[in-house]
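Notes follow the structure.
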Amino acid sequence: MSNISKKRVAIIGAGASGLPAIHHALLYNVEPVCFELTDNLGGLWRYKEGERNINGIHLSSVMKSTVINTSKEMGAYSDFLPSPEAANYMHHTELLKYFESYADHYNLRSYIRFNHCVTKIERAGDYTRTGQWKVTFIDNDKNELTEVFDGVLLATGHHATPNIPDPWPGQNKFKGRISHSHDYRDHSGFENKVVAAVGIGNSGGDVCVELSRVCKQVYLVTRRGTWLRRRLVNEGFPGDGLISRFSLNIIFKVFPLSYLNRKAERDTSTWFNHEIYGLKPKFPILSAHPTVNDELPNRLANGTVKVKPNIKEFTEEGIIFEDGSVVDHVDEVVLSTGYWFDFPLVENGKLIPVQKNVADLFMNMYSPNLSDHNSLAILGLVQPVGAIMPISELQSRVFYSVLTGNTKLPNKENMLKEIAHRRKLLHQRYVESPRHTIQVDPIIFMDDLAGLIGCRPDFFRIFFKDPVLAKKIYSSPPIAATYRVVGPHQWEGARDAIMNLEKRVLSGMSPTGQPIICKSKKRKFPWLTIGIVLIGAAVVAKKYEVDILDSIRKIQIF
């Protein structure tokens, strides 16, 4: 342990991914040194009103009105719960308070060097032997310094470099202003204007809704359309908290994707007809990252937002669209066209090459080219249908387990095979787009990460010790605390967090903050389904003369 205690890791960024990296370094007896460019923590989630450029780096920021698309329980870290009375879908100011409370609870600020700008990361001279890295930075006194670390974690996110489309014909003569949602703060300055909002991801939807309240007219410009998803579903419960770990595994392991697409599209059409409103895409609903927006249907219904196809060309004053329609006068164009990511800090971007948002990274973390030591990793380079925070946290646990010698990763050849396999699955399911290159199904991806370090919840292992907890884990949404029940660094509060999940959700729904227990139909644990699976597994086990538990685990339902 004496050698492990001396290891130092540089963490770049004190945002939603950097904070758990600091915390878990301490759990693994590693010394964290976090470099934060700004004067405070929170990263993207700290709204920045004024200048957003520091040392030539354009900072990312939420909009002034941003509300997180993931419910508080599904987005929480594994060992620190949001307050029960907190809104289930938190405004960015409330989410920032959660991050600040997390940092204060675990005394993380003392490990953060604020106002420090990292300018270069490169392998140390003796890297081949030690796996160490040199980190060059400018401190808050403008001194350029270099320190050596045993490991490096990049936790800078993937919303830094706006994707600006190639110019449309006539764009150079357009007299209006063209900007990117990266620079959008609020509706100030857009009052009574005609705006074309290009792109219908989550940012694009939010921009449309907000501007439609103050603009003369908003035109939503989309090449392919999108599928909308609501935050709240049955009885006003958070939509991302309705599906259980068991059901999710059964759904994706048993039912064909074509069936799931048809069912999801039918369910979605019961509350919003995408075809009639002009948003229905040609691709299936599960083939693209969803756009979460509760208000856009109302804005389309009242005409303050109108859907238009892709831009064909600009005129001096307006826009001609591909369907031949024309808007003669447009004041502003806001591009919500996503972002590019790369890693210019790491040896000028050459060590981890990226082409059109495609990078060869094992578990979206490790470059196979560095598999000799695995002492540098990326955190949070994922696009889940859910929250990034629990994934980043689990990635940091994997990193420290590897760094301290407790976990061994595959060799370079096998890493590349795994990367190719995941990429093939992405191509089979998702529409080709820069936003889908890092797409993951959160529960499946987190289970894979957890499997590397032995903290994936095992139904039978838990059931024979605590059957009540086992049933709850598999009949409830897969919150991060489920990864602190077994394996390294178990958390004593994990059981309580899992057992009282619904009470905390109800507290967030109640105007008083006190849970109001309704006489709603309770979810039943799927004993019949489990029985069918067990019988099927027994038949398979007998036929092929394998262990029954092993045959069940191979399909990863439990």
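The values are calculated or read from the model by the stated rules, or taken from the named source; none is laboratory data. Remember, predicted model here, so these are calculated numbers, not experimental data. So basically every Cβ, Gly included, is an ideal-geometry build from the backbone, and we count neighbours across all protein chains shown.
What number of residues within the stretch 284-296 satisfy the criterion of being closer than 17 Å to V385 by Cα and part of a loop (DSSP other than H, G, I, E, B)? The qualifying residues number 6.
If the condition is being crowded, with 19+ Cβ neighbours inside 10 Å and outside any loop (DSSP other than H, G, I, E, B), then the stretch 340-365 contributes V346, F362.
Would you kindly identify the helices (runs of 4 or more DSSP H) lying entirely within the stretch 441-482 that contain at least 3 residues that are more than 21 Å from the chain's Cα centre (by Cα) and over 23 Å from G239 (Cβ atoms)?
On the way: elements: 442-453, 459-463, 467-475.
By residue number, 459-463, 467-475.
Just to be sure, is T93 more than 17 Å from the chain's Cα centre (by Cα), over 29 Å from S188 (Cα atoms) and either surrounded by fewer than 23 Cβ atoms within 10 Å (Cβ to Cβ) or free of Cβ contacts under 8 Å to residues at least 60 places away in the same chain (or both)? When the stated conditions are applied, T93 does not pass them.
Looking only at the stretch 321-342, count every residue that is more than 19 Å from R224 (Cβ to Cβ) and at pLDDT 95 or above and tell me the total.
Within the stretch 321-342, the subset more than 19 Å from R224 (Cβ to Cβ) is 326-332, 340-342.
Filter once more, keeping what is at pLDDT 95 or above: 326-332.
Total meeting the criteria: 7.
Selection over the stretch 200-226 of residues that are under 24 Å from the mean Cα position of the chain (by Cα) and crowded, with 24+ Cβ neighbours inside 10 Å gives a count of 8.
With the requirement that a residue be in contact with a Leu (Cβ under 9 Å, 6 or more places away or on another chain) and farther than 16 Å from I473 by Cβ, what does the stretch 238-254 give you?
The initial filter retains those residues of the stretch 238-254 that are in contact with a Leu (Cβ under 9 Å, 6 or more places away or on another chain), namely 238-239, 241, 251-252.
Answer for the stretch 238-254, where residues must be in contact with a Leu (Cβ under 9 Å, 6 or more places away or on another chain) and farther than 16 Å from I473 by Cβ: P238, G239, I251, F252.
Selection over the stretch 367-382 of residues that are assigned to a loop (DSSP other than H, G, I, E, B) and crowded, with 20+ Cβ neighbours inside 10 Å gives a count of 7. Within the stretch 289-305, residues that are in contact (Cβ under 8 Å) with a residue 40 or more places away in the chain and within 13 Å of W271 (Cα to Cα) have Cβ atoms under 8 Å from residues that are of a type in the set (V, I, T) and part of a helix (DSSP H, G or I) in these pairs: N293/V209; E295/V209; L296/V209, counting only partners at least 6 apart in sequence or on another chain. Summed over the stretch 467-505, residues that are more than 18 Å from I250 (Cα to Cα) and of a type in the set (F, W, Y) total 2. When the criteria are applied in full, V233 meets the requirement of being of a type in the set (V, I, T), surrounded by fewer than 21 Cβ atoms within 10 Å (Cβ to Cβ) and within 30 Å of L501 (Cβ to Cβ).
Are any residues in the stretch 393-411 of a type in the set (K, R) and closer than 17 Å to I378 by Cα, and if so, which ones? Step through it out loud before you land on a result.
Just the residues of the stretch 393-411 that are of a type in the set (K, R), to begin with: 397, 408.
The one that is of a type in the set (K, R) and closer than 17 Å to I378 by Cα: R397.
Could you tell me whether any residue of the stretch 249-259 is over 23 Å from T437 (Cβ atoms) and charged (D, E, K, R)? Within the stretch 249-259, one or more residues are over 23 Å from T437 (Cβ atoms) and charged (D, E, K, R).
With respect to R495, determine if the residue is surrounded by 12 or more Cβ atoms within 10 Å (Cβ to Cβ) and modelled with pLDDT of 95 or more.
Numbers: surrounded by 12 or more Cβ atoms within 10 Å (Cβ to Cβ): yes; modelled with pLDDT of 95 or more: yes.
So R495 fits the description; yes.
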